[in-house]
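A quick write-up on the structure given underneath.
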Amino acid sequence: MSEQESAATESGIGEPSDEWREYHGAPTGTEIECEGWRQEAALRMLNNNLDPEVAENPEDLVVYGGTGRAARSWDAYDTILAELRDLGDEETLLVQSGKPVGRFPTHERAPRVLIANSNLVGKWDDWEHFHELEAEGKIMYGQMTAGSWAYIGTQGIIQGTYETLAELGRQEYDDDLEGKIVATGGLGGMSGAQPLAVTMNRGVCIAAEVDTHRIERRLETDYLMERAESLDEALAAAEAAAEAGEPYSVAVEMNVADMLEAMDDRDFVPDVVTDQTSAHDELEGYYPSGYTVDEADELREKNPERYVEESLDTMERHVDAILELQDRGAVAFEYGNNLRGQVEDHRGREDVDSGMWPLSGSDPEDRQAFDFPGFVPAYIRPMFCRGRGPFRWAALSGDPADIHRTDEAVTELFPEKESLARWIDLAQEQVSFQGLPSRVCWLGYHAEDDADGLTERARFALRINELVADGEISAPIVVTRDHLDAGSVASPHRETEAMKDGTDAVADWPILNALLNCAAGADIVSVHDGGGVGIGNALHANNHVVLDGSELAAEKARRVFTTDPGMGVIRHADAGYEDAIDEADQSDVAVPMRDRQ
Ligand code: NAD
């Protein structure tokens, strides 16, 4: 028994299943073992999540994001597979925190699988209560796409980072990042996507990373171009590349707080400053200044209290350096790692007017942690107002040619979207498939030429369905998305930070999203608590639609890809966002309290 296996047994999830070993990822090809493609898609996506190439620690059922699991135990995994193989076209399987708990007769247009993960009643909705139940094997942390069987590996992250930076380019520079320098921290699991996402947007990236192995790994995988021996060398190379308008990325092995202070001392103001170190975890994630990685690891072992204090001190300096560079003209934003929240909570840098970034008229001497925005209010929300979000699809055949055919289809359908075309070209060149071949792109509600009355997402899904029907694609495509989407999440420190009407913590929206997508006939629908930011901090929903070329699939796609992005439009229109109100007007989305006034 391996170390991982014995840890798994001790944690009560049992020993890795023989079936999982035999599958070793999703089954592929055109033969199915279930009664229909909807059930087969669920079986393949569950196994894709647990593909050793895709998951972080599949022997422990962990897909990604700390302990985000695909099933509660190996027994539960085996039983889910048996149920899916047996599930009829007029039945629905219920999965509660990774365990199959029921199967009911429903009807053909209903979802085949309904999932609820990690949800607790408000008063008990915290890690402490969750961990007690988890230790007794009664609940499971589903993260976002882990427990809803929609994770597709790093290719999902690179696209989100690319899209955020593309929006920054559009908003701040009227186009892309050509000639612009982005300074950031972290080259780890998700943060390692930053240099490639910057260069894909034609910009220049300088990244501080304390861990030499992380830098090497990004160089080996071509996510990063070069490493500099000193900050001065990195600055000179970055400036030369920016002047020449060449995409370029360089890493410097140093603490990011020290790097940003040193830039300020040298009067070097980057165009953009952000961060993706693991600041959400002051003990295991973030490194304090003044130590090598080995020294810091030793301090953590010997004196965790001191480590935490020094780590938080560095975070305060880090935030101050970002604010200083922002004052001097840099565009600053936080990338969802709770850096600002840590400094606010632990260093008393409290935002007196919390939720209303930016604080107008705040004295530079008395700046607060939240005086620079998170990435959602700054760059993602305008897209959410238009119902835009991370539409993703996987080829159940396992054949990359099927995804290449969809790449052609999406660029043919939306020729006006230059950034989408650039993304598809770059993804083909630079992003390798993991597990089932998949692609992500951001699509929204209103289509430029809306003569067919379809949303962007519905139009593309219907085109894929036609290609499957015509045999141009060899097996069905399953369409799903991240839980981070326009109308599917309530998360006050991330997706719903600083909502215009103060409704950051109102969680009716993701519940309505899930209910509506059931009504519209999605094939899998799920509702989770705590993804990304931890138990009690978020509620979010997800769905899958299987495009098997049938008229039924077309009907479902037409409905779900209208209701799902439509939730983003009405949620933001309700909160008073002008873009969302405009989108609703243009696209005839009903907003009853507005329409009937
Ligand atoms: P990770 O732990 O794999 O990587 C973080 C890296 O930062 C590590 O390589 C570490 O050595 C380095 N680091 C830590 N402290 C440092 C310091 N002071 N100076 C320089 N380097 C330092 O984590 P990850 O998966 O890359 O994620 C990073 C953070 O970004 C997390 O908090 C995550 O939640 C957040 N994130 C959010 C989103 C989103 O969509 N909101 C997306 C990606 C990442």
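The values are calculated or read from the model by the stated rules, or taken from the named source; none is laboratory data. Small disclaimer: the values here were computed from a predicted structure and weren't measured. We place every Cβ from the backbone using ideal geometry, glycine too, and count neighbours over all the protein chains shown. The accessibility values were calculated without ligands, DNA or RNA, using every heavy atom of the protein model including side chains. Shrake-Rupley method; radii C 1.70, N 1.55, O 1.52, S 1.80 Å.
Summary table
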read-out	value
Segment 215-302 - Kirkwood radius from inverse mean 1/r over Cα pairs (Å)	14.7
Span-rule helices in the chain, defined as complete DSSP H runs reaching 24 Å or more along the axis (Cα) with Kyte mean at least -1.0	154-173, 304-327, 551-574
Förster radius 60 Å - calculated FRET efficiency between L552 and E309, Cβ distance, rounded to 0.05	0.50
Principal axes of segment 7-161: Cα extent on each, largest first, Å	43, 35, 34
Within the chain: Cβ-based charge dipole about Cα centre, in debye rounded to nearest 20 (Lys, Arg +1; Asp, Glu -1)	1860
Cα-only radius of gyration and Dmax that characterise segment 296-341, units Å	13.5, 41
Accessible surface of the chain, 1.4 Å probe, proportion on carbon and sulfur as whole %	46
Between segment 97-162 and segment 403-481, the alpha-carbon center distance in angstrom	27
Simple spin-label estimate for R328 and T221 in nanometres, 7 Å along Cα-Cβ	3.3
Normalised per residue, the volume of the convex hull around the Cα set of segment 514-597 (Å³)	127
Heavy-atom accessible area per residue - the chain, 1.4 Å, Å²	39
All lysines inside 30 Å of K99 as judged from Cα atoms, apart from same-chain residues fewer than 8 positions distant	K123, K138, K556
Peptide ranges 550-559, 529-538, 588-597 listed from the most packed, as the mean C-beta count within 10 angstrom indicates	529-538, 550-559, 588-597
Residues listed by number, segment 538-580, amide nitrogen under 16 Å from Q597 label point at 7 Å toward C-beta	570-580
Segment 127-232 - Rg over Rh from alpha carbon coordinates, Kirkwood radius	1.12
Ordering of 474-482, 369-377 by packing [mean C-beta count within 10 Å, highest first]	474-482, 369-377
CD proxy at 222 nm, helix term only [per DSSP H run n ≥ 4: -39500 (n - 2.57); per residue of the chain; nearest 500]	-13000 deg cm²/dmol
Contact order normalised by residue count of the chain, Cα under 8 Å, 6+ apart, percent	14
Share antiparallel - DSSP beta bridges, the chain, percent rounded to 5	55
The chain - Rg (one decimal) and Dmax (whole number), Cα, Å	23.5, 69
Three-way shape call for segment 449-597 based on the alpha-carbon gyration tensor, with the a/c threshold at 1.5	oblate
15 Å Cα-Cα reach of K180 towards aspartates and glutamates, excluding residues that sit fewer than 8 places from it in its own chain	E167, E172, E239, E243, E246, D271
Added length on full extension, which subtracts the Cα-Cα distance from 0.36 nm per residue, D450 to D294	50.3 nm
Dimensionless Rg/Rh of segment 147-202 - Kirkwood Rh, Rg from C-alpha atoms	1.04
Average projected area [Cα convex hull, segment 425-488], square nanometres	6.0
nm² value of the averaged projected area, convex hull over the Cα atoms of segment 190-237	3.3
Protection-proxy order for peptides 250-258, 97-105, each taking the mean of Cβ atoms within 10 Å per residue, highest first	250-258, 97-105
When the convex hull of its Cα atoms is projected in every direction, mean area for segment 7-96 (nm²)	5.8
